[in-house]
Amino acid sequence: MSNATVVLSLGFAALLMLVMVAKLWLSHRQIRHVALHRAAVPAAFADTVDLPSHQKAADYTIAKARLDTAETALQFAMLLAWTLLGGLDALNQALLSWIPGGMTQQLLLLVSFGAVGAVTELPLSWYRTFVLEHRFGFNTSSLGQWLMDGIKGAALALALGVPLAALLLWVMGSTGTWWWAWCWAVYMGFSLLLMWAFPAFIAPLFNTFQPLADDALRTRVGALMQRCGFQASGFYVMDGSRRSAHANAYFTGMGKNKRVVFYDTLLKQLSPDELEAVLAHELGHFHHKHLTKRLITVSMTALLAFGTLGWLASRTWFYTGLGIEPSLDAPNDALALILFMLVMPLVTFFAAPVMSAASRRDEFEADGFAASHTRASDLSSALLKLYQGNASTLTPDPTYVSFYHSHPPASQRLARLTP
């Protein structure tokens with residue numbers, strides 16, 4: 001065993017332990033902080049939020065954090081099992097004993113790896129939907145619908161993922177030293193294609209989208225988009241209530257496939273003025289080019305990631321240090337992709353506060369845009385209803401927020417919108 005192998009194995013084990021402890025510590029902070037503030041509504045919300053609603057949000061947040069703790073433990077156990085305990089190596093060797101090394105064997109390795117991961121996540125996914133969400137009155141889906149969603153998701157993953165994986169593997173094995181740059185180009189092209197196709201072709205596989213039937217509301221949001229300088233291919237209502245009582249709205253798509261989508265649950269919760277303010281917030285993201293900036297960030301991050309993989313994939317210690325015996329007479333490209341996907345979340349975990357802070361800044365900017373094109377009071381009342389309707393805690397732990405929250409806490413958002 002080489003020195004590089006030993007160093008990588010020890011470094012990986014240490015990083016794994018560090019990230020696991022950090023995640024568990026953050027969940028513990030969130031649970032403790034929310035529990036400590038459960039007994040009383042924060043002063044800023046004393047006139048608008050009743051105590052039972054505040055306590056329901058606290059209990060829901062604590063229950064989710066506890067489930068997140070269980071998921072964290074499972075994820076790290078699986079990561080250790082796949083790597084240093086030899087699970088991925090055993091799976092690879094079993095497939096090699098059955099099928100000669102090559103494209104078919106590598107694709108089967110990727111599919112098998114994904115299938116095992118999906119199966120191990122099923123119990124917690126079921127618990128989240130039919131126990132936790134049901135307990136707090138949010139789940140409206142049936143077991144049959146949940147199973148059908150899973151089947152559709154798996155079929156879609158195979159239909160899209162297998163051709164993409166085959167193309168990436170072919171590029172890795174056929175384009176020489178700079179294969180990682182070509183893989184990056186393929187990945188980004190595929191991502192842009194999905195962004196274009198999602199609203200019109202993928203989302204309708206899981207939900208029904210009907211044109212917005214309320215003529216008065218359609219006229220209002222159309223006028224809002226016109227004075228904000230935007231166009232959409234249509235305004236739609238999504239049957240979100242089939243699965244959940246949570247509410248939302250979004251502006252999605254690229255080119256002529258842009259569309260405004262309201263959850264049917266949102267239409268029931270908000271007034272026309274509040275709906276207009278929520279849409280203005282979504283338009284604010286486009287006005288400030290948040291999505292474009294995020295796409296550029298993702299693109300540059302992906303380029304760095306593929307470049308790093310291009311260097312690591314040719315190092316034997318990259319495999320052996322993570323519990324894998326690379327093939328000497330067969331391609332190891334699928335192994336390299338899987339190992340990189342397993343390790344990268346550990347490496348990037350401590351960059352989460354930077355990314356979350358940037359996202360929260362974008363939300364403030366979108367709020368400002370909405371307040372300049374609609375009444376700030378309408379956005380404030382809409383946000384307060386959404387926080388209550390979704391049982392979002394008003395008292396999250398600040399450190400937990402800094403790592404995980406893409407949106408600012410309610411107290412900060414509403415304070416900025418209050419004259």
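Values quoted throughout were computed directly from the atomic coordinates according to the rules given, and no laboratory measurement underlies them. This is a predicted model, so every value here is computed, not measured. Counting neighbours? That spans all protein chains shown, and the Cβs are built from the backbone with ideal geometry, glycine included.
Grab the other residues whose beta carbon is less than 15 angstrom from that of L109, score K and R as +1, D and E as -1, and report the net. Display every interim value, and only then the final one.
Numbers: positive: none; negative: D89, E325, D333.
Neighbour charge sum, excluding L109 itself: -3.
Hey, what angle do you get for helix 143-174 against the long axis of the chain, alpha-carbon based, 0 to 90 degrees rounded to 10?
Here the helix axis deviates by roughly 50 degrees.
Rank T301, M344, H281 by how far each Cα sits towards the positive end of the charge dipole of the range 223-370 (+1 on Lys, Arg Cβ; -1 on Asp, Glu Cβ) and give me just the farthest.
Positive-end residue among those listed: H281.
Could you tell me the number of lysine pairs in the chain with C-alpha atoms less than 15 Å from each other, where the two lysines are 8 or more residues apart or belong to different chains?
5
If you fit an axis through the alpha-carbon atoms of helix 3-36 and take the longest principal axis of the Cα set of the chain, what angle between them do you get, 0 to 90°, nearest 10?
20
What fraction of the DSSP beta bridges in the chain is antiparallel, stated in percent and rounded to the nearest 5?
Numbers: 8 of 12 bridges.
If I count the DSSP bridges inside the chain, around 65 percent turn out antiparallel.
If I build a Gaussian network model for the chain, linking alpha-carbon pairs within less than 10 angstrom, which residue out of D215, D239, D149 has the largest mean-square fluctuation?
D215
When Lys and Arg each count +1 and Asp and Glu each count -1, what net charge do the other residues less than 9 Å away from Y319, Cβ to Cβ, add up to? Can you show the working numbers first?
Values: positive: R315; negative: D89, E325.
Summing Lys/Arg as +1 and Asp/Glu as -1 gives -1.
Pick from K268, K64, K23: which residue has the top mean-square fluctuation in a GNM of the chain where Cα pairs under 10 Å get a spring?
Largest GNM mean-square fluctuation: K268.
For L36, what charge total do you get from the other residues with a beta carbon under 13 Å from its beta carbon, if Lys and Arg give +1 and Asp and Glu give -1?
Working: positive: R29, R32, R38; negative: D397.
Around L36, the charge tally is +2.
Taking 0.36 nm per residue of sequence separation and subtracting the Cα-Cα distance, how much length would be gained by fully extending the chain between A197 and A13, in nm to one decimal? Can you show the working numbers first?
On the way: separation 184, 0.36 × 184 = 66.24 nm, distance 4.02 nm.
So the chain would gain 62.2 nm between A197 and A13.
Suppose R0 equals 56 Å. What FRET efficiency, 1/(1 + (r/R0)^6) with r the Cβ-Cβ distance, do V162 and A43 give to the nearest 0.05? Kindly include the intermediate steps, with their values, before the conclusion.
Numbers: r = 55 Å, r/R0 = 0.99.
Approximately 0.50, to the nearest 0.05.
Please compute the length gained on full extension between T292 and S112, using 0.36 nm multiplied by the number of residues separating them and subtracting their Cα-Cα distance. Please report the intermediate quantities before stating the final value.
Numbers: separation 180, 0.36 × 180 = 64.80 nm, distance 3.47 nm.
Using 0.36 nm per residue and subtracting the Cα-Cα distance, I get 61.3 nm.
Using 1/(1 + (r/R0)^6) with R0 = 45 angstrom and r between the beta carbons of A357 and R66, what's the FRET efficiency to the nearest 0.05? Kindly include the intermediate steps, with their values, before the conclusion.
Working: r = 26 Å, r/R0 = 0.58.
For R0 = 45 Å, the calculated efficiency reads 0.95.
Label-point separation (nm) for T348 and S402, each offset 7 Å from Cα along Cα-to-Cβ?
If labels sit at T348 and S402, their model points lie 2.2 nm apart.
What is the calculated FRET efficiency for S377 to S2, with r their C-beta to C-beta distance and R₀ = 51 Å, to the nearest 0.05? Spell out each step's value before the answer.
Details: r = 66 Å, r/R0 = 1.29.
Computed FRET efficiency for S377 and S2 comes out at 0.20.
How large is the Kirkwood hydrodynamic radius of the range 1-57, in angstrom, based on all distinct alpha carbon pairs?
On the way: mean 1/r = 0.0681 Å⁻¹.
14.7 Å is the Kirkwood radius here.
For q values of 0.10 Å⁻¹, compute log₁₀ I(q)/I(0) with the Debye formula on a Cα-only model of the chain, without solvent.
Treating every Cα as an identical point scatterer, log10 I(q)/I(0) equals -0.84.
From the helices alone, meaning DSSP H stretches of at least four residues, give me the mean residue ellipticity at 222 nm for the chain, per-run term -39500 (n - 2.57), in deg cm²/dmol to the nearest 500. List each step's numbers first, then the result.
Working: 16 runs with 285 residues, N = 419.
Calculated mean residue ellipticity at 222 nm is -23000 deg cm²/dmol.
On C-alpha positions alone, give me the angle between the axis of helix 333-348 and the longest principal axis of the chain, in degrees, nearest 10.
50
Quote the relative contact order of the chain in percent (integer), defining contacts as alpha-carbon pairs under 8 Å separated by 6+ residues.
Values: 452 pairs, mean separation 101.3, N = 419.
Rounded, it is 24 percent for the chain.
Could you check which residue among A39, A216, A357 shows the biggest mean-square fluctuation in a GNM of the chain with a 10 Å Cα cutoff?
Maximum among the listed residues: A216.
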